Amino acid sequence: MKKKIVSAVALATLGMTAHAQSSVTLYGLLDTGVAYTNNQSGKSAWQQSSGLISNTVFGLNGTEDLGGGLHAIFLLENGFNINNGSQSYKNTMFGRRSYVGLQSDRFGTVTFGRQYDSVVDYLGPIALANNGDGNNLAAHPFDNDNIDDSFYVDNAVKYASPNMAGLQFGAMYGFSNQAGGFSNNRAYSVGMSYGNGPLTLAAAYLQLNRGGATAGGALSSNDMPNFPASRQRVMGVGGNYTFGPATVGILWTHTMFDDTGAASLPGALQVLRFDNYELNAHYALTPAISLSGAYTFTDGRYSGAAGSGDPKWHQVTLMADYALSKRTDVYAEAAYQHQFGVSADSPLGFAFINGLAPSSTNTQVAATVGIRHRF
């Protein structure tokens, strides 16, 4: 009898130890609201929205302590439309992110799967569009620099360094998985950040080669860029500074598309360029009430069979948020975008706030109220 009791205690202790060394967490964010737009394809619209501000997701993440500062980690994340329950990414179970890897306290983290690129990882937190829980309406026109993670990278191997006195860096490579076409539909990126007290600085670079051009490559049919091209490059730098309840950020990104497909614009373009200059701010009036906003000036340039032009965009986004609890908040937001520099019958001669259908004119205004819940 005594042996049985000792054995039971030993098994219980072993179970508690195993439980303490590994964990799996279910998490999610639900965002829905009502939005008004003055012009979508020539008409005004009232719509119930899903994920218009923050992406609606649920997922699982987990870790196992392997000893010696080494951990096995994984993440499986699904995106969906809360209004009708449909998947955001067709023919996928975990279409937003899915990866597994090893994390070392000393040497950093290596992961394999469907993942963010370095622009999203390092510059995203500087921009209003991807800071905190995100703000999709604040993305730069066409999300041309992928700051708002409009696409993810499949077949990706990623390294992230540990924090070394505030300095972190990382790199990612997305394989084409194509025999005889190593560089066809591949992606790679690098980035770094430095944090010292209230100051954060970051820089990143991303390149796609024929992104989405072949099945099974780095970009799937769920991740086609707004301007499919033989080559897309994004580079940028930015930083923010926190003083008291306020944080101010500044960001510049430069996006280059070479030989865009005719399907993405009214005629193929040999050259398409965007420079995005963003100034943003966040202010906590009280622990529950916060205000945030951003102004972005986007300077574009294109040339090709469809002609040449220099389209430009002004965009302003303002948001007020009230936290009902640590997990639930309500918000109100307005966004304004104005295009100028080319006529309405030219390529890119229109306004296009992210998450909406494009305007038939050079101006678009949107407003939304909604609720978010996290678990």
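The values are calculated or read from the model by the stated rules, or taken from the named source; none is laboratory data. Only a predicted model underlies this, so the values are computations on that prediction, with no experimental measurement involved. Cβ placement follows ideal geometry from the backbone for every residue including glycine, while neighbour counts extend to all protein chains displayed. Side chains are part of the model used for accessible areas, which takes the heavy atoms of the whole protein and leaves out ligands, DNA and RNA. Shrake-Rupley method; radii C 1.70, N 1.55, O 1.52, S 1.80 Å.
Summed over the stretch 163-182, the residues that are over 19 Å from residue 107 (Cβ atoms) and either open to solvent by 60 Å² or more (accessible area, probe 1.4 Å) or basic (Lys, Arg) (or both) give a count of 6. For the stretch 201-220, the criterion of being within 30 Å of residue 285 (Cα to Cα), assigned to a loop (DSSP other than H, G, I, E, B), open to solvent by 60 Å² or more (accessible area, probe 1.4 Å) and not hydrophobic (A, V, I, L, M, F, W, C) is satisfied by no residue at all.
Search the stretch 238-247 for residues being out of contact with any helix residue (DSSP H, G or I) (no Cβ under 8 Å at 6 or more places or on another chain) and either assigned to a strand (DSSP E or B) or among the hydrophobic types (A, V, I, L, M, F, W, C) (or both), and hand back the single one that is surrounded by the fewest Cβ atoms within 10 Å (Cβ to Cβ).
Our first condition is that a residue be out of contact with any helix residue (DSSP H, G or I) (no Cβ under 8 Å at 6 or more places or on another chain); within the stretch 238-247, this holds for 239-247.
Subset that is either assigned to a strand (DSSP E or B) or among the hydrophobic types (A, V, I, L, M, F, W, C) (or both): 239-243, 246-247.
Details: 239: 17, 240: 22, 241: 14, 242: 14, 243: 8, 246: 12, 247: 18.
Out of the qualifying residues, it is 243.
Of the residues making up the stretch 316-356, those that are among the small types (Gly, Ala, Ser) and within 25 Å of residue 304 (Cβ to Cβ) number 6.
Residue 151 meets all of the listed conditions (1) at pLDDT 95 or above; (2) within 17 Å of the chain's Cα centre (by Cα); (3) at negative phi; (4) open to solvent by less than 30 Å² (accessible area, probe 1.4 Å) but one, namely (1). Checked against the criterion of being within 30 Å of residue 359 (Cα to Cα), modelled with pLDDT under 95 and either open to solvent by less than 90 Å² (accessible area, probe 1.4 Å) or within 17 Å of the chain's Cα centre (by Cα) (or both), the candidates 88, 7 yield just one match: 88. Residue 132 satisfies every condition listed in (1) at pLDDT below 95; (2) under 19 Å from residue 201 (Cα atoms); (3) under 10 Å from the mean Cα position of the chain (by Cα) except (3).
Specify the residue that is farthest from residue 277 (Cα to Cα); the eligible residues are those in the stretch 311-345 that are of a type in the set (Ser, Thr, Tyr) and buried (at least 19 other Cβ atoms within 10 Å of the Cβ).
Initially, the stretch 311-345 is screened for residues of a type in the set (Ser, Thr, Tyr), giving 317, 322, 325, 328, 331, 336, 343.
Filter once more, keeping what is buried (at least 19 other Cβ atoms within 10 Å of the Cβ): 317, 331.
On the way: 317: 14, 331: 26 Å.
The selected residue is 331.
State whether the residues of the stretch 254-269 include one that is open to solvent by less than 10 Å² (accessible area, probe 1.4 Å), at pLDDT 95 or above and assigned to a strand (DSSP E or B). Yes. In the stretch 223-236, of all residues being part of a strand (DSSP E or B) and in contact (Cβ under 8 Å) with a residue 40 or more places away in the chain, the one that is farthest from residue 148 (Cα to Cα) corresponds to 229. Residues in the stretch 335-360 that are under 21 Å from residue 52 (Cβ atoms) and out of contact with any helix residue (DSSP H, G or I) (no Cβ under 9 Å at 6 or more places or on another chain): 336, 338, 350, 357, 358, 359, 360. Go through the stretch 183-200 and give me each residue that's open to solvent by less than 20 Å² (accessible area, probe 1.4 Å) and in a loop (DSSP other than H, G, I, E, B). Selection gives 185 alone.
Filter the stretch 123-142 for residues that are touching a helix residue (DSSP H, G or I) at 6+ places or on another chain (Cβ under 8 Å) and either open to solvent by 10 Å² or more (accessible area, probe 1.4 Å) or assigned to a strand (DSSP E or B) (or both); which is farthest from residue 95 (Cα to Cα)? The extreme case among them is 128.
Output yes when any residue across the stretch 299-308 is surrounded by 19 or more Cβ atoms within 10 Å (Cβ to Cβ), in contact (Cβ under 8 Å) with a residue 24 or more places away in the chain and within 24 Å of residue 370 (Cβ to Cβ), and no when none is. Explain how you work it out, then say what you get.
Taking the stretch 299-308 first, the residues surrounded by 19 or more Cβ atoms within 10 Å (Cβ to Cβ) are 300, 302.
Next cut, in contact (Cβ under 8 Å) with a residue 24 or more places away in the chain only: 300, 302.
Remaining after also requiring within 24 Å of residue 370 (Cβ to Cβ): none.
Checking the stretch 299-308: not a single residue is surrounded by 19 or more Cβ atoms within 10 Å (Cβ to Cβ), in contact (Cβ under 8 Å) with a residue 24 or more places away in the chain and within 24 Å of residue 370 (Cβ to Cβ).
When the residues of the stretch 347-375 are filtered to those that are buried (at least 19 other Cβ atoms within 10 Å of the Cβ) and hydroxyl-bearing (Ser, Thr, Tyr), the one that is nearest to residue 25 (Cα to Cα) is 368.
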